[in-house]
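Peer 1: Quick one: the structure is below, questions incoming.
The values are calculated or read from the model by the stated rules, or taken from the named source; none is laboratory data. On a predicted model such as this, the values are computed, not experimentally measured, just so you know. Every residue, glycine as well, gets a Cβ built from its backbone with ideal geometry; the counts of neighbours run over all protein chains shown.
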Amino acid sequence: MYLEHINSPADIKKLEVSQLKTLSDETRAALINKISKAGGHQGPNLGVVELTVAFHYVFDSPKDKIVFDVSHQCYPHKILTGRKEAFLDEAHFGDVTGYTNPNESEHDMFIVGHTSTSVSLALGLAKGRDLNGRSENIIALIGDGSLSGGEALEALDYAGEYDKNLIIIVNDNDQSIAENHGGLYKTLKKLRESNGTAEDNLFRAMGLDYRYLDDGHDTAKLVALFESVKDIDHPVVLHIHTVKGKGLPYAEQNRERWHAGGPFHVEDGSPLYPDAGGESVVFNCLKDLLDTNENAVVLNAATPMGLGFVQGVREAYVKRGQFIDVGIAEEHAVAMAGGIARNGGTAVFGTFAPFFQRTYDQMSHDVCLNDSPATFLILSPGAYGMNSNTHIALCDIQMFAHIPNLIYLAPASNEEFVQMFRYATTQKQHPVAIRVVDNLKSTGIADDTDYAVLKNKIERKGSKVALFAVGGLVPMALEAADNVKAQTGTEITVINPRFVSGVDAELLNDLKAGHSLVITIEDGEVMGGYGQNIAAFYGDSDMRVRCRGISKAFHTEFQADELLDAHGISAEKLTAEILSALQS
């Protein structure tokens, strides 16, 4: 009735306040149409439909600027800012990304996919406005879960002494991905229960003006609240209580499960494409550690499902003090793991590689400088991990492999992971990180390697060409070697490095006899990667080295095999390259 006529926020302003509820219902229906067929971030977007409609009714985007934290909740915003066809028509589902993107629309300020950044970015926009003598409203929308991130707290602290227009909307649905963790959530609970009147108020303690709205799905009340602060001359926090998953009963009831996911049947929430699933090797190793070592603890930062500790599984370990979710606070988790290890505990911290990027200083200074023997699981690094430019991790080797004292292991199979994990959690000499790529397979052959001795593994011994393949690319390298042998009769050497925080100098020197070419392949950026360490080793010798990896760019929306193939990394292209080299 209304949405078909909404092509920009200006069209929303033509409606009466009483008509906004219908527009909200239509917007939610468009949202459900897409997420049920294509998947995406479900709960966060369902929970901010009315808030977004009211926002665009009152404020004047893009003159007034809004920054979405993480931008897990930007779908309704996209629907209302000229991109509704990407939610209504399957043929256009691919027209927009899952995050805000100024390349799509002038209504999006930043490409954002990481948490706790919105208040800092908004303060920057505000200062830019001030320097240019303008007067637009600057708004940051941040979820309660994101408040535990250090950057969010740093920004709120600065905002407390800022003295010009800044509107901070705290979308409080009492949920991160899983449940919230941290003392500040007791404060938020008191504020919700007291309708915003509790003395214990984090925001006022920071020096900020504060207003509370209990029903964040009442468009009329939202409009009145936003109108009361439009063009305000100082920072204010609008604390708005919403329901994550609003509009789908099963999403409201199981908020963790419905944070994000694939396509589903709207009637009951059952998946369109059921996943056989099964327990992961990572979870099995962690569970065995906790069940057999009472001094062991697993730490996580708001992504427990990544380690297999889903709701219904983790509670027993939480009760025993062996599973700790620190909330969105990866830096804290790394340093805490270092402290546990330093004081006699066995600490494992694991989370997704894109979020480990926030921990560099703690990894280097707090853990590795002190040589504290904690274990770190770097989940989903490289091309086979997540493929949005906001969530990729193609530089994990560059970040971690050169830190002194840190041993960075790269298993090529599930069996190697099991043995590496056993080594990492029983040794007491150094911090160990394990690169857990998503394309690991089982070989069926148990690994009994002593990883206290850092040596490369010769998977296939040959001559003339040596092919080094990092982690999950070893099967590809073996396939290329088989192709070469079938076509020429020549057996080339295939090497599985198994550790990427150094080189096996003895092996590299041995290769000089009988080999004239070394090729390295890795599923991350080639610049500064593992291969270039090999090239540097051979720099003053006659050995030719070719490094194959991914180019330096923010690659996005890619298929891993296609991206690697485009950079010469596939069994077919490696075969052709080696055949050409043998013939020259």
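Peer 1: Can you say whether residue 221 is touching a helix residue (DSSP H, G or I) at 6+ places or on another chain (Cβ under 6 Å) and within 22 Å of residue 52 (Cα to Cα), as far as the supplied structure shows?
Peer 2: Numbers: touching a helix residue (DSSP H, G or I) at 6+ places or on another chain (Cβ under 6 Å): no; within 22 Å of residue 52 (Cα to Cα): yes.
So residue 221 does not fit the description; no.
Peer 1: Go through the residues of the stretch 154-170 one by one and say whether even a single one is surrounded by fewer than 19 Cβ atoms within 10 Å (Cβ to Cβ) and of a type in the set (A, V, I, L, M).
Peer 2: Keep residues of the stretch 154-170 that are surrounded by fewer than 19 Cβ atoms within 10 Å (Cβ to Cβ), which gives 154, 157-158, 160-164.
Filter once more, so that each one left must be of a type in the set (A, V, I, L, M): none.
Looking for residues that are surrounded by fewer than 19 Cβ atoms within 10 Å (Cβ to Cβ) and of a type in the set (A, V, I, L, M), one finds none in the stretch 154-170, hence no.
Peer 1: Just to be sure before I move on: is residue 119 closer than 30 Å to residue 315 by Cα and at pLDDT 95 or above in the structure I sent? Write out each step before concluding.
Peer 2: Values: closer than 30 Å to residue 315 by Cα: no; at pLDDT 95 or above: yes.
So residue 119 does not fit the description; no.
Peer 1: Here is a list of conditions, (1) modelled with pLDDT of 95 or more; (2) under 22 Å from residue 474 (Cα atoms), and residue 385 meets all of them except one; can you say which number that is?
Peer 2: Residue 385 satisfies every listed condition except (1).
Peer 1: Checking residue 439 against (1) in a helix (DSSP H, G or I); (2) closer than 25 Å to residue 384 by Cα, which single condition isn't satisfied?
Peer 2: Against the list (1) in a helix (DSSP H, G or I); (2) closer than 25 Å to residue 384 by Cα, residue 439 comes up short only on (1).
Peer 1: Among the residues of the stretch 337-347, are any under 22 Å from the mean Cα position of the chain (by Cα), in the same structural domain as residue 415 (by TED's automatic domain parsing) and surrounded by fewer than 23 Cβ atoms within 10 Å (Cβ to Cβ)?
Peer 2: Checking the stretch 337-347: not a single residue is under 22 Å from the mean Cα position of the chain (by Cα), in the same structural domain as residue 415 (by TED's automatic domain parsing) and surrounded by fewer than 23 Cβ atoms within 10 Å (Cβ to Cβ).
Peer 1: Ok, one more. Taking the stretch 363-372, which residues are surrounded by 20 or more Cβ atoms within 10 Å (Cβ to Cβ) and over 15 Å from residue 501 (Cβ atoms)? Step through it out loud before you land on a result.
Peer 2: Let us first name the residues in the stretch 363-372 that are surrounded by 20 or more Cβ atoms within 10 Å (Cβ to Cβ), namely 363, 366-368, 372.
Within the stretch 363-372, 366, 372 qualify.
Residue-wise test of (1) touching a Lys or Arg at 6+ places or on another chain (Cβ under 6 Å); (2) closer than 20 Å to residue 561 by Cβ; (3) surrounded by 15 or more Cβ atoms within 10 Å (Cβ to Cβ); (4) not hydroxyl-bearing (Ser, Thr, Tyr).
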{"residue": "352", "(1), (2), (3), (4)": "no, no, yes, yes"}
{"residue": "376", "(1), (2), (3), (4)": "no, no, yes, yes"}
{"residue": "380", "(1), (2), (3), (4)": "no, yes, yes, no"}
{"residue": "412", "(1), (2), (3), (4)": "no, yes, yes, yes"}
{"residue": "428", "(1), (2), (3), (4)": "no, no, no, yes"}
{"residue": "435", "(1), (2), (3), (4)": "no, yes, yes, yes"}
{"residue": "439", "(1), (2), (3), (4)": "no, yes, yes, yes"}
{"residue": "444", "(1), (2), (3), (4)": "no, no, no, yes"}
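Peer 1: I'd like to verify a number: residues in the stretch 246-263 that are touching a Leu at 6+ places or on another chain (Cβ under 6 Å) and over 23 Å from residue 172 (Cβ atoms), how many?
Peer 2: Qualifying residue count, the stretch 246-263: 1.
Peer 1: Can I ask one more? Give the residue, chosen from 484, 465, that is in a strand (DSSP E or B), in contact (Cβ under 8 Å) with a residue 60 or more places away in the chain and surrounded by 16 or more Cβ atoms within 10 Å (Cβ to Cβ).
Peer 2: Numbers: 484 fails: in a strand (DSSP E or B).
Exactly one of 484, 465 is in a strand (DSSP E or B), in contact (Cβ under 8 Å) with a residue 60 or more places away in the chain and surrounded by 16 or more Cβ atoms within 10 Å (Cβ to Cβ), namely 465.
Peer 1: Of the residues that make up the stretch 84-93, is at least one assigned by TED's automatic domain parsing to the domain that holds residue 229, modelled with pLDDT of 95 or more and under 21 Å from the mean Cα position of the chain (by Cα)? Write out each step before concluding.
Peer 2: To start, the set of residues in the stretch 84-93 that are assigned by TED's automatic domain parsing to the domain that holds residue 229 comprises 84-93.
When the remaining residues are screened for being modelled with pLDDT of 95 or more, the result is 84-93.
Okay, now just the ones that are also under 21 Å from the mean Cα position of the chain (by Cα), so none.
There is no residue in the stretch 84-93 that is assigned by TED's automatic domain parsing to the domain that holds residue 229, modelled with pLDDT of 95 or more and under 21 Å from the mean Cα position of the chain (by Cα).
Peer 1: Let me ask something else about it. Check 561, 523 and return the single one that is free of Cβ contacts under 8 Å to residues at least 12 places away in the same chain and not basic (Lys, Arg).
Peer 2: Only one candidate qualifies: 561.
Peer 1: Scan the stretch 112-158 residue by residue and report those that are among the hydroxyl-bearing types (Ser, Thr, Tyr), part of a helix (DSSP H, G or I) and under 24 Å from the mean Cα position of the chain (by Cα).
Peer 2: First pass over the stretch 112-158, keeping only residues among the hydroxyl-bearing types (Ser, Thr, Tyr): 115-118, 120, 135, 146, 148, 158.
Now drop any that are not part of a helix (DSSP H, G or I), which leaves 118, 120, 146, 148, 158.
118, 120, 146, 148, listed by residue number.
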